[in-house]
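Here's the structure we're looking at; comments come further down.
The values are calculated or read from the model by the stated rules, or taken from the named source; none is laboratory data. Note that this is a predicted model, so its numbers are computed, not measured. Note that each Cβ is placed from the backbone with ideal geometry, even for glycine, and that neighbours are counted across all protein chains shown.
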Amino acid sequence: MNPYVPILVMMAVAAAMALGGLAASAVIGPKKYNRVKVANYECGVSPTPRAADAGRFQIKYYLIAMTFIIFDIEVVFLYPWAVAFDQLGLFGLGAMLTFIFLITVPFIYEWRRGGLEWD
C-alpha cells in the first residue's frame, strides 16, 4: 500500500465534511435578515452613526488585532527556538536574529501609527 493513501483519504474526508457543513447550513439555515443582523459589529459597541454610514471601523481595532498577531507569531517561533537552543547552533542563532529583525518592522509601523497608546 502506498504510504500517502491514508493522508489522501483523510484530506478527502476533511473536504467532504467542510463542503457538507457549508451545504447543510445553506439548506437548513434561516434566511430571515433584519437590520440588526446586517449591521456592522464593533466589539460589542453599537456602531457610531458615521461608521454605520461609511461601513468602516476605527483604525484602532485593526492595530489591536495586529498587535495580537505580532505577539502570537513571535511566541510561536521563539518558544521552540528557546527549547532547542543547544541543538541548533550558530545557524539557529542567525535565523532567529533575522526573524527578530524582521518582526521589528511591524512593531515600528504600529508604534508610528499610535497602536501602542492605550488612551
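Taking the criterion of being touching a residue at least 24 places away in the same chain (Cβ under 8 Å) and among the β-branched types (V, I, T), the residues of the range 73-119 that qualify are I73, I103.
Could you say whether any residue in the range 29-39 is surrounded by 10 or more Cβ atoms within 10 Å (Cβ to Cβ), closer than 23 Å to E117 by Cβ and at pLDDT below 80? Looking through the range 29-39, none of the residues is surrounded by 10 or more Cβ atoms within 10 Å (Cβ to Cβ), closer than 23 Å to E117 by Cβ and at pLDDT below 80.
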